[in-house]
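The next block holds one structure in the form of structure tokens; read it before the comments.
The values are calculated or read from the model by the stated rules, or taken from the named source; none is laboratory data. Just so you know, these numbers come straight off a predicted model, no measurement behind them. Cβ coordinates were reconstructed from backbone atoms using ideal geometry, including for glycine residues, and neighbour counts include every protein chain displayed.
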Amino acid sequence: MQQIATAGAAKPEDRALAGVLSAYVVSATAWLLFATFIGVVLAYKFGAPDFAPGPYLTFGRLRPIHTNATFYGFASIALVGLAYYVAVRSCRTALYSVRLAWTGLWLFNIAAVAGTVALDLGFSAGDLEYREWPWPVRLVFLAALMVTAWNLLFTVARRNTHDIYLSNWYTMGGVLWTCIIAIVAILPWYQYGLGQVAVSGYYMHNAVGMWFTPLALGIFYYALPKLLSRPIYSYALGVFAFWTNLVFYPIIGAHHFLFSPLPWWLQTTAIVFSVAMLVPVLGGSANFLLTMRGRFGELHHSYPLFFIFIGVVGYLVGSTQGTVEAFRSLQAVWHLTNFTVGHSHLTMYGFVTFAIWGGVYALLPVATGKQPGQLGLALHFWMAVVGSFIYVISLSIGGTIQGLDWVRGLPFIQSVVDMQPFYIWRGIGGVLMFLSHLVFAWNVWRMTYGRGAAALPPVPAFADEEAA
Amino acid sequence: MKKLLLIAGGSTLVYAGLALLMGVLPGIMLSQTPPGPGVKPLTPLEAEGRAIYVANGCSYCHTQQVRPLAQDKVFGRPSAPGDFAYQTPELLGSERTGPDLTNIGARQPSAVWQYIHLYNPRAVVPESIMPSFSWMFAVVAKAPEGVSPVPVPKAFAPAKGVVVPTHEAEALLAYLMSLKQTPLPGADQMSASALPQPAPAAAAAGTAATGYDPAKGKALFSANCAVCHQESGEGLPGAFPPLKGNKAVNDDDATQHIHAVLHGVEGVVIDGVHYDSQMPPFADTLSDAEIADIIDYERSSWGNHGKPVTAKDVAAVRAKGK
């Protein structure tokens, strides 16, 4: 498996790096297909609740399988693979340990497979959003994180550049912080009853905001300058966004439990810092968009750039929406409705997943020397964009109606009936998204083990690096 | 090396501090919240049922948190910190695709209804999109001694044999029945002071004392009564009595009708049919005016011709007590 692809001229360490990146991307793609197929089945069940009955295919077991496989199978594996590549290239060095990278990949996969099986058999740690896997499985995931942290840190430590490029701040930070998140979540002896609610609020948002966000931003900071052949608009702004993100984000978790019996001050603090999050979000987004200034016309020629552009817009819109949702007045209507589901897809899909795709299309062909076809890129891009647009818009409208039904004091079942058309639109959007993933898988195959569209000469190490 | 230490080490240190402050410390402190008055640990059977609830992900669609908001009033009083003392793992939930279950043991105490609903939700609520949990039931030729078969309506019942709950269903039912809020002095004031009530429309429902509003009556009936008596007023044969043509509903003296809605009934015989299931009382959850609206709706629908009642009549029966 390790001897992928690259043409004969490349050095062994380049080949090894290409092999690692390919394996991570292929593995992540398999999880994406699995997780989103489950997602489509779940969407279908909203219209046909008697479809696929029985314990192993019941909604309540498939739902956490979908979210966990997306988070810890697909997104985590893809982001770590890209983080390795970015670290090596931006530090003009070699990967500290290829073996550790492979070990990490195995551990991630073992955890995701074991977690999926456990949930399907009914071994859930509790219906605690994103930490449903039984604790031994989460220990395996923690081990994968620690291996990754070790490998990334030592790769950066052996850099041949003076500075540490900004991308690595985000990726190293993300991996290290997430080790802490995982430990806080696993330790059982201090979380009971309401105390566990507090930890759930903390965990739910930190697992997203201190893991997926920084790693996806790390991709933006590397791939965007690379694709445009110009430096990031403001390095200082990137550093500022890094520290503000670090300080504000961990505090906002309790906004998932507004109006709950959690202490009112904890909820209010979370709301205040949800507003403060606008600082790193607007700062970061502005930095990316200003880096692209005057070059938006190139979106038509470069799908990798287009993917990243959508990812930046998803980051800006999704995060700003998150701030707005945190206000008590709006939360009173939107909380517990499908609006939340729309929001989580806007961020995890519109932002993180598009960032991953942009990163994969920008970097993988350079590593392996193989290009995906233009038609494949176009099909993937447009189906994913249109599908997710339908998905998010339909659930946002439907969720608002659902919330207003409750406010108006209608019989509860009315909110179920009123959601029906929106569930159907969500299904249509979801199917388009899933189809786009099939095309993505085909593209990945062509960029890795299959036959590329047009062989590029693989870029030798250290060539034309942008590192500031 | 220094740079790496500053960025990776420094940020991790900052993060560890924040994680401690926002995750671990609140976790430790709030874990010591004492149980509220009357809040008891679960029995072994109830705990088993809770594990089944968790394993099948019920809380992805059903919350267990009543917010101090007007629209949540139908689910019970606002949840208090002491309610969660024995709730680990916590099941507050993040979505309400189905109704909140905080107080379901009080809101729907009928075991018969719960069993039919678990077996196939659409048998009692046609619009429901909840999955069927029929695997927690067995189909047998004849119910064993001492077990009453679940009276599943014909359209949803197996062609042959009768449906009986397995141990899993019994445990789950025991857990659902344990979900009862304990009375909390001052709960109403809490909801009023917490924030301005955003829903004048819903709040106003309780105040109108004069005149019968058919639309309001129908909505209240749908929300509170239809899951058993059905929108058609015909009930479910053998499980829930019909209101259509029901003697108490058409009787000029409405006392029995009002009494049933206020205080519930259990084990009644109607037209020679014995009904096992328990009807919940609505005295604590609905106002006199709301109950009068429901009763008038029942007395004027499906061909019924009962004499209408007013909130005053309800108040009179309420004053007499059980």
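Considering region A:125-170 alone, what residues qualify as being out of contact with any His (no Cβ under 9 Å at 6 or more places or on another chain), part of a loop (DSSP other than H, G, I, E, B) and of a type in the set (D, E, K, R)?
Start the filter on region A:125-170 by keeping residues that are out of contact with any His (no Cβ under 9 Å at 6 or more places or on another chain), which leaves A:125-128, A:130-170.
Adding the requirement that they be part of a loop (DSSP other than H, G, I, E, B) leaves A:125-128, A:130-134, A:158-165.
The answer is A:D127, A:R131, A:E132, A:R158, A:R159, A:D163.
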Practice prompt. Quickly run through region A:174-191 and pick out the residues that are over 22 Å from A:A270 (Cα atoms) and facing another protein chain (nearest Cβ under 7 Å).
Written response: A:L176
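In this structure, is A:G373 surrounded by fewer than 20 Cβ atoms within 10 Å (Cβ to Cβ) and either without any contact (Cβ under 8 Å) to a residue 60 or more places away in the chain or of a type outside the set (F, W, Y) (or both)?
Numbers: surrounded by fewer than 20 Cβ atoms within 10 Å (Cβ to Cβ): yes; either without any contact (Cβ under 8 Å) to a residue 60 or more places away in the chain or of a type outside the set (F, W, Y) (or both): yes.
In short, yes.
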Item to complete: Evaluate the following for A:G60: is it within 14 Å of chain B (Cβ to nearest Cβ), farther than 26 Å from A:L217 by Cβ and surrounded by 22 or more Cβ atoms within 10 Å (Cβ to Cβ)?
Response: yes
Practice prompt. Taking B:P109 as the residue in question, decide whether it is within 10 Å of chain A (Cβ to nearest Cβ) and touching a helix residue (DSSP H, G or I) at 6+ places or on another chain (Cβ under 8 Å).
Written response: no
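Among the listed residues B:F133, B:F156, B:F137, B:F84, identify the single one that is farther than 23 Å from A:G409 by Cβ and surrounded by fewer than 21 Cβ atoms within 10 Å (Cβ to Cβ).
On the way: B:F133 fails: surrounded by fewer than 21 Cβ atoms within 10 Å (Cβ to Cβ); B:F137 fails: surrounded by fewer than 21 Cβ atoms within 10 Å (Cβ to Cβ); B:F84 fails: surrounded by fewer than 21 Cβ atoms within 10 Å (Cβ to Cβ).
Among B:F133, B:F156, B:F137, B:F84, only B:F156 is farther than 23 Å from A:G409 by Cβ and surrounded by fewer than 21 Cβ atoms within 10 Å (Cβ to Cβ).
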Practice prompt. Output the residue which, of all residues in region A:133-147 that are more than 24 Å from B:A55 (Cβ to Cβ) and more than 13 Å from chain B (Cβ to nearest Cβ), is surrounded by the most Cβ atoms within 10 Å (Cβ to Cβ).
Written response: A:A144
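Among the listed residues B:A106, B:A143, which satisfies the condition of being surrounded by fewer than 21 Cβ atoms within 10 Å (Cβ to Cβ), farther than 23 Å from A:Q267 by Cβ and under 14 Å from the mean Cα position of the chain (by Cα)? Don't jump to the end; show me each part of the working.
On the way: B:A143 fails: under 14 Å from the mean Cα position of the chain (by Cα).
None of the other options fit; the residue is B:A106.
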Response to the item:
Going through (1) surrounded by fewer than 23 Cβ atoms within 10 Å (Cβ to Cβ); (2) out of contact with any Lys or Arg (no Cβ under 7 Å at 6 or more places or on another chain) one by one, B:L42 fails only at (2)
Item to complete: Taking B:L101 as meeting all but one of (1) within 16 Å of the chain's Cα centre (by Cα); (2) farther than 19 Å from A:D418 by Cα; (3) free of Cβ contacts under 8 Å to residues at least 60 places away in the same chain, write down the number of the exception.
Response: (3)
Worksheet item: If we keep just the residues of region B:1-23 that are more than 9 Å from every other protein chain (Cβ to nearest Cβ) and modelled with pLDDT under 95, which is farthest from A:W211 (Cα to Cα)?
Response: B:K2
Item to complete: Taking B:P26 as meeting all but one of (1) facing another protein chain (nearest Cβ under 9 Å); (2) surrounded by fewer than 16 Cβ atoms within 10 Å (Cβ to Cβ), write down the number of the exception.
Response: (2)
Worksheet item: Quick one: is B:R122 in the same structural domain as B:M177 (by TED's automatic domain parsing), modelled with pLDDT of 95 or more, part of a helix (DSSP H, G or I) and within 21 Å of B:A226 (Cα to Cα)?
Response: yes
Worksheet item: For region B:61-90, how many residues meet the condition of being of a type in the set (A, V, I, L, M, F, W, C) and closer than 18 Å to B:S31 by Cα?
Response: 3
Worksheet item: Which residues, counting only those in region A:231-249, are loosely packed, with under 15 Cβ neighbours inside 10 Å, in contact (Cβ under 8 Å) with a residue 40 or more places away in the chain and more than 12 Å from every other protein chain (Cβ to nearest Cβ)?
Response: A:P231
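Regarding A:P225, is this residue away from every other protein chain (no Cβ under 13 Å) and either touching a strand residue (DSSP E or B) at 6+ places or on another chain (Cβ under 6 Å) or part of a helix (DSSP H, G or I) (or both)? Full working, then the answer.
On the way: away from every other protein chain (no Cβ under 13 Å): yes; either touching a strand residue (DSSP E or B) at 6+ places or on another chain (Cβ under 6 Å) or part of a helix (DSSP H, G or I) (or both): yes.
Judged against the criteria, A:P225 is a match.
Among the residues of region A:178-192, are any aromatic (F, W, Y) and assigned to a helix (DSSP H, G or I)?
Quick first cut of region A:178-192, residues aromatic (F, W, Y) only: A:189-190, A:192.
Okay, now just the ones that are also assigned to a helix (DSSP H, G or I), so none.
There is no residue in region A:178-192 that is aromatic (F, W, Y) and assigned to a helix (DSSP H, G or I).
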Practice prompt. Considering only region A:167-221, state which residues are farther than 17 Å from B:I28 by Cα, β-branched (V, I, T) and either without any contact (Cβ under 8 Å) to a residue 60 or more places away in the chain or buried (at least 23 other Cβ atoms within 10 Å of the Cβ) (or both).
Written response: A:T171, A:V175, A:T178, A:T213, A:I219
Fill in: Condition broken by B:D313, with the remaining ones in (1) charged (D, E, K, R); (2) buried (at least 18 other Cβ atoms within 10 Å of the Cβ); (3) under 19 Å from B:Q230 (Cα atoms) satisfied
(3)
Practice prompt. Go through A:L95, A:L105, A:L42 for me and flag whichever is assigned to a helix (DSSP H, G or I), of a type in the set (A, V, I, L, M, F, W, C) and in contact (Cβ under 8 Å) with a residue 40 or more places away in the chain.
Written response: A:L105
Fill in: Meets criteria (on the phi < 0 side of the Ramachandran plot and within 12 Å of chain B (Cβ to nearest Cβ)) for A:L105
no
Response to the item:
All conditions in (1) modelled with pLDDT under 95; (2) on the phi < 0 side of the Ramachandran plot; (3) part of a loop (DSSP other than H, G, I, E, B) are true of A:E13 except (3)
Item to complete: Output yes when any residue across region B:136-149 is part of a loop (DSSP other than H, G, I, E, B) and within 14 Å of chain A (Cβ to nearest Cβ), and no when none is.
Response: no
Worksheet item: Given the conditions (1) more than 13 Å from chain B (Cβ to nearest Cβ); (2) hydrophobic (A, V, I, L, M, F, W, C); (3) more than 19 Å from A:Y84 (Cβ to Cβ), and given that A:L194 satisfies all but one, which numbered condition is not satisfied?
Response: (1)
Worksheet item: Which number in (1) more than 8 Å from chain B (Cβ to nearest Cβ); (2) over 20 Å from A:G218 (Cβ atoms) marks the one condition that A:L152 misses?
Response: (2)
Discussion item. Consider region B:87-102. How many of its residues are at the interface with chain A (Cβ under 7 Å from one of its Cβ atoms) and within 22 Å of B:V227 (Cα to Cα)?
Written reply: 3
